Amino acid sequence: MIVLASRNGRIGLAAAVDVMARGGSAVDGVEAGTRVVERNPDDPTVGLGGLPNILGEVRLDAAIMDGNTLRGGAVGSVRRHVHAITLARRLMERGPHVFLVADGAERLARDLGFVEEEPLTEQATAAWNRRLQERFPGLDTRRMAERDDLMAVVDELQLSMAGWDEMKREGHSESTAHGTVNFLARDRDGNLATAVSTSGWAWGYPGRLGDSPVLGAGSYADNRWAAAASTGTGEVVLRVSTARSIVLYMKMGMDLGRAVREAMIDLRALDDPLVDHIAVIAMNRDGEHVGFSYREDERYVYMTDTMSEPAEVNMVSP
């Protein structure tokens, strides 16, 4: 048994391994590990404590996939439900849909008896206020919070396009821009699974979805070949279906390292500076794992049932 995660998933590895050691599946493991990170208020990129979009809303995205059945579930732009990964799993299990967003995903959560919980913390609200007031001196953010039609406020205050273009560039210079947590697991039966959860692009435009909730782009698992997931700016990953590409390159006969390199080369061919933000972790059906990143000093973590502490691995440049 082995579980991999992006570096911010370190705090969830023990929970993931413990669930699997007690007989749980790879799907159980990745969900358990992700839930720990979603509950961490100190991670500004996932779940509770995630940084908001330009309207001051925290919208959560998540996806989970079972490499044994190739079934998956994904939710996007979810409010008031910290554990988006569990909602994605329930969708996968209940079906027949694979992907629900916004009001539909929130309705499913209510139908399933999920308890509502606001992921926006006081610290994240304060960060949102500071950011808007730095960019728009004198802006009354309290008035924005009191208005029902926030998109009308965006237009009224001229926050759209020219304003948020500059804000998103500034936001992406921060370390928080490279958030999102992902987990890959291989259980005692050799089954693979993936899970991804994120609060998305901080200060982003309302309604934005990245690659995290999109199966085949931000994550993919197939017992026959491999599991893979990415962090970074999902807009470029969406354009080349990075996670699924890794699996297909392996099906074509490449080994794990070569397959990930080819997928990263596909990203670089986009000639887009956002590719510089991407990191990918992957594991083949035998549990061998690799991590590649265009970011310097990037690491991923892993743990097995024979280890007492997680280990960190330096990612390599493609």
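The values are calculated or read from the model by the stated rules, or taken from the named source; none is laboratory data. Please read all numbers here as calculations on a predicted model, not as lab measurements. Here Cβ is always computed from backbone atoms with ideal geometry, including for glycine, and neighbour counts include all displayed protein chains.
Those residues that are surrounded by 13 or more Cβ atoms within 10 Å (Cβ to Cβ) and free of Cβ contacts under 8 Å to residues at least 40 places away in the same chain, I need them from region 259-274; list them, please. Steps first, please.
Of region 259-274, the ones surrounded by 13 or more Cβ atoms within 10 Å (Cβ to Cβ) are 259-264, 266-268, 270, 272, 274.
Those that are surrounded by 13 or more Cβ atoms within 10 Å (Cβ to Cβ) and free of Cβ contacts under 8 Å to residues at least 40 places away in the same chain: 259, 262, 263, 266, 267, 270, 272.
Kindly indicate which of 110, 80, 35, 10 is farther than 21 Å from residue 232 by Cα, assigned to a helix (DSSP H, G or I) and of a type in the set (Lys, Arg). Give the steps one after another, and end with the answer.
On the way: 80 fails: assigned to a helix (DSSP H, G or I); 35 fails: farther than 21 Å from residue 232 by Cα; 10 fails: farther than 21 Å from residue 232 by Cα.
The unique qualifying residue is 110.
Looking only at residues that are without any contact (Cβ under 8 Å) to a residue 12 or more places away in the chain and over 23 Å from residue 68 (Cβ atoms) in region 81-112, which one is surrounded by the most Cβ atoms within 10 Å (Cβ to Cβ)?
Residue satisfying both the conditions and the ranking: 104.
Which of the residues spanning region 29-76 are crowded, with 22+ Cβ neighbours inside 10 Å and at positive phi?
Across region 29-76, the qualifying residues are 47, 49.
Condition test on residue 258, is it more than 27 Å from residue 1 (Cα to Cα), among the basic types (Lys, Arg) and modelled with pLDDT of 95 or more?
Numbers: more than 27 Å from residue 1 (Cα to Cα): no; among the basic types (Lys, Arg): yes; modelled with pLDDT of 95 or more: yes.
It is false that residue 258 is more than 27 Å from residue 1 (Cα to Cα), among the basic types (Lys, Arg) and modelled with pLDDT of 95 or more.
In region 113-135, what residues are surrounded by 16 or more Cβ atoms within 10 Å (Cβ to Cβ), among the aliphatic types (A, V, I, L, M) and either in contact with a His (Cβ under 7 Å, 6 or more places away or on another chain) or assigned to a helix (DSSP H, G or I) (or both)?
Within region 113-135, 124, 127, 132 qualify.
Kindly establish whether residue 49 is in a loop (DSSP other than H, G, I, E, B) and within 30 Å of residue 129 (Cα to Cα). Before the answer, list the steps.
Working: in a loop (DSSP other than H, G, I, E, B): yes; within 30 Å of residue 129 (Cα to Cα): yes.
So residue 49 passes the test.
Out of all the residues in region 45-88, which are touching a Gly at 6+ places or on another chain (Cβ under 6 Å) and under 25 Å from residue 185 (Cβ atoms)?
45, 61, 64, 65, 82, 88
Residues are listed down the side, and each one gets a yes or a no for (1) at pLDDT 95 or above; (2) of a type in the set (Lys, Arg); (3) farther than 21 Å from residue 94 by Cβ; (4) under 14 Å from the mean Cα position of the chain (by Cα):
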| site | (1), (2), (3), (4) |
| --- | --- |
| 26 | yes, no, no, no |
| 32 | yes, no, no, no |
| 41 | yes, no, yes, no |
| 49 | yes, no, yes, no |
| 60 | yes, no, no, yes |
| 68 | yes, no, no, no |
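Is it fair to say residue 74 is in a strand (DSSP E or B) and modelled with pLDDT of 95 or more?
Working: in a strand (DSSP E or B): yes; modelled with pLDDT of 95 or more: yes.
It is true that residue 74 is in a strand (DSSP E or B) and modelled with pLDDT of 95 or more.
If you go through region 227-234 one residue at a time, do you hit one that is more than 19 Å from residue 269 (Cα to Cα), surrounded by 21 or more Cβ atoms within 10 Å (Cβ to Cβ) and touching a Ser or Thr at 6+ places or on another chain (Cβ under 6 Å)? If you could, list the steps in order and put the result at the bottom.
From region 227-234, those more than 19 Å from residue 269 (Cα to Cα) are 227-229; that's our starting set.
Applying the additional criterion that residues be surrounded by 21 or more Cβ atoms within 10 Å (Cβ to Cβ) yields 227-229.
Then drop every residue that is not touching a Ser or Thr at 6+ places or on another chain (Cβ under 6 Å), which leaves 227, 229.
There is at least one residue in region 227-234 that is more than 19 Å from residue 269 (Cα to Cα), surrounded by 21 or more Cβ atoms within 10 Å (Cβ to Cβ) and touching a Ser or Thr at 6+ places or on another chain (Cβ under 6 Å).
Could you please find all residues in region 298-316 being in a strand (DSSP E or B) and either of a type in the set (Val, Ile, Thr) or touching a residue at least 60 places away in the same chain (Cβ under 8 Å) (or both)?
The answer is 299, 300, 301, 302, 303, 304, 312, 313, 316.
Taking region 76-94 as the region of interest, how many residues are of a type in the set (A, V, I, L, M, F, W, C), touching a Pro at 6+ places or on another chain (Cβ under 8 Å) and closer than 22 Å to residue 124 by Cα? Break it down into steps so the answer makes sense when it comes.
Keep residues of region 76-94 that are of a type in the set (A, V, I, L, M, F, W, C), which gives 78, 82, 84-85, 87-88, 91-92.
Still in the running and touching a Pro at 6+ places or on another chain (Cβ under 8 Å): 82, 88.
If we keep only those that are closer than 22 Å to residue 124 by Cα as well, we get 82.
Number satisfying all stated conditions: 1.
Take region 217-267 and flag every residue that is within 26 Å of residue 204 (Cβ to Cβ) and part of a strand (DSSP E or B).
Of everything in region 217-267, those that are within 26 Å of residue 204 (Cβ to Cβ) and part of a strand (DSSP E or B) turn out to be 219, 220, 228, 229, 230, 231.
Can you name the number of the only condition in (1) touching a Leu at 6+ places or on another chain (Cβ under 6 Å); (2) surrounded by fewer than 24 Cβ atoms within 10 Å (Cβ to Cβ); (3) under 21 Å from residue 191 (Cβ atoms) that residue 22 fails?
(1)
Take the residues in region 3-22 that are in contact (Cβ under 8 Å) with a residue 40 or more places away in the chain and of a type in the set (Gly, Ala, Ser), then tell me which one is nearest to residue 289 (Cα to Cα).
Of region 3-22, the ones in contact (Cβ under 8 Å) with a residue 40 or more places away in the chain are 3-10, 12-14, 16-17, 20-21.
Subset that is of a type in the set (Gly, Ala, Ser): 5-6, 9, 12, 14, 16, 21.
Working: 5: 11, 6: 12, 9: 16, 12: 18, 14: 18, 16: 17, 21: 20 Å.
Filtering first and then ranking leaves 5.
Would you check which residues across region 107-132 are among the charged types (D, E, K, R), in contact with a helix residue (DSSP H, G or I) (Cβ under 9 Å, 6 or more places away or on another chain) and more than 19 Å from residue 54 (Cα to Cα) and list them?
Here is the first cut: in region 107-132, the ones among the charged types (D, E, K, R) are 107, 110-111, 116-118, 122, 130-131.
Remaining after also requiring in contact with a helix residue (DSSP H, G or I) (Cβ under 9 Å, 6 or more places away or on another chain): 116, 131.
Within region 107-132, just 116 meets the criteria.
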